[in-house]
Amino acid sequence: MMTKDILVLAIETSCDETSAAVVKNGREVLSNIISSQIELHKLYGGVVPEIASRKHIEKINQVIEEALSSAKVTLEEIDLIGVTYGPGLVGALLVGVAHAKALSFATKKTLVGVHHIEGHVSANYIENKELEPPFLCLIVSGGHTHLVLVKEYGEYEIIGRTRDDAAGEAFDKVARAIGLGYPGGPKIDKLSREGNKDEINFPRAQIEGAPYDFSFSGLKSAVLNYINSCEMKKVQMNKADIAASFQEAVVDVLVTKTIMAAKDFHMNQVAIAGGVAANSHLREAMVAACRDNGISFYYPSPVYCTDNAAMIGTAAYYEYRKGTRSGYDLNAVPNLKIGER
């Protein structure tokens, strides 16, 4: 049992946000600094890995210094350094890992490598002080759609995953197709409020023999085919209706499978995590479904849904408590699987 307060300096550079945070005892965020590159990548319609890496190099020292300053702590007061080492863009990850290793070497502070997706799950601990494992977590982001049993801190079992496109990836592709641009998720969420979610009946994929798995490529294709058909027939498209109907199809599948899994695995606590967890319609639908089924529902604030170092600091704290320590041979692992180390 730990009696001393543990301060974690966390670093996150897996994609296009350069972030550093100071987290106390895994649950209290003293600072969470995020330098976003969204405006830069908008010019290209998506994240350009080489540009993201260069920007991380430019920003990381400044972001770390600001995180320490905002938390009113010095590097000497930090107990351990947590850093995302995968999955993500390899060049972007390497920037964060290299800086974390250098800081650890220079200060002799403990180094803990953190799985980015496990960080997203851990974001739920920050504001929901009462939440403890076991619970079921739906992870929805640009690169991942997983249903995970969180058995214990840092102990995960994947029971469902996407067979093709992740939910966030489908949002981005559909947003691009209807001319909304990047990032697609927030833009579709906003436009959907002006549309009729029941106007177009887009498909909901079911995978035989894998009830908790997801597939969104067919849905994405159905939307593109609908758009192409309207253009060929010179029929006026209602973009808001397309966005709302597409979003409804995604949310319907996510909520239905999550509730089914919660019942099948006797879980009375459900959480969501990842960038798409900030989607207002998904949150509303999950609140209603969990309420109707007597399940406690947890979700992070939007700032902790998108990539941020605070969630990495929380995950690092619980890994540290488990005894996880990383050496200076820690490397970026762009395709790191949940539960791997």
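Exactly one residue out of His56, His99 is touching a residue at least 60 places away in the same chain (Cβ under 8 Å) and assigned to a helix (DSSP H, G or I), and it is His99. For segment 145-182, filtered to residues that are more than 20 Å from Ala240 (Cβ to Cβ) and among the basic types (Lys, Arg), the residue that is surrounded by the most Cβ atoms within 10 Å (Cβ to Cβ) is Arg161.
Counting only residues that are out of contact with any helix residue (DSSP H, G or I) (no Cβ under 9 Å at 6 or more places or on another chain) and assigned to a loop (DSSP other than H, G, I, E, B), segment 216-237 holds 2 of them.
One residue stands out among those in segment 6-41 that are at pLDDT below 95 and charged (D, E, K, R): the one that is farthest from Gly119 (Cα to Cα), which is Glu39.
Results for (1) surrounded by fewer than 17 Cβ atoms within 10 Å (Cβ to Cβ); (2) farther than 25 Å from Ile259 by Cα; (3) touching a residue at least 40 places away in the same chain (Cβ under 8 Å); (4) in contact with a Leu (Cβ under 7 Å, 6 or more places away or on another chain), shown as yes or no for each residue.
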| position | (1), (2), (3), (4) |
| --- | --- |
| Ser192 | no, no, yes, no |
| Asn196 | yes, no, yes, no |
| Pro211 | yes, no, yes, no |
| Phe216 | no, no, yes, no |
| Lys233 | yes, yes, no, no |
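Being touching a residue at least 40 places away in the same chain (Cβ under 8 Å) and either of a type outside the set (A, V, I, L, M, F, W, C) or surrounded by 24 or more Cβ atoms within 10 Å (Cβ to Cβ) (or both) is a property that holds for Ile64. When Thr18 is tested against (1) in a helix (DSSP H, G or I); (2) crowded, with 21+ Cβ neighbours inside 10 Å; (3) in contact with a His (Cβ under 8 Å, 6 or more places away or on another chain), exactly one condition is not met: (1). Can you tell me which residue is farthest from the chain's Cα centre (by Cα) among those in segment 264-282 that are over 11 Å from Val140 (Cβ atoms) and crowded, with 17+ Cβ neighbours inside 10 Å? So, considering only residues that are over 11 Å from Val140 (Cβ atoms) and crowded, with 17+ Cβ neighbours inside 10 Å, the one farthest from the chain's Cα centre (by Cα) is Met267. Any residue in segment 133-140 that is within 25 Å of Ala240 (Cβ to Cβ) and either out of contact with any Gly (no Cβ under 8 Å at 6 or more places or on another chain) or at pLDDT 90 or above (or both)? Yes, segment 133-140 has at least one match. Being in contact with a Phe, Trp or Tyr (Cβ under 8 Å, 6 or more places away or on another chain) and at pLDDT below 95 is a property that Val276 has.
Among the residues of segment 296-341, the ones that are of a type outside the set (Val, Ile, Thr), in contact with a Gly (Cβ under 7 Å, 6 or more places away or on another chain), assigned to a loop (DSSP other than H, G, I, E, B) and buried (at least 20 other Cβ atoms within 10 Å of the Cβ) come to 3 in all.
The values are calculated or read from the model by the stated rules, or taken from the named source; none is laboratory data. Note that this is a predicted model, so its numbers are computed, not measured. No Cβ is skipped: glycine too gets one built from the backbone with ideal geometry, and neighbour counts run over all protein chains shown.
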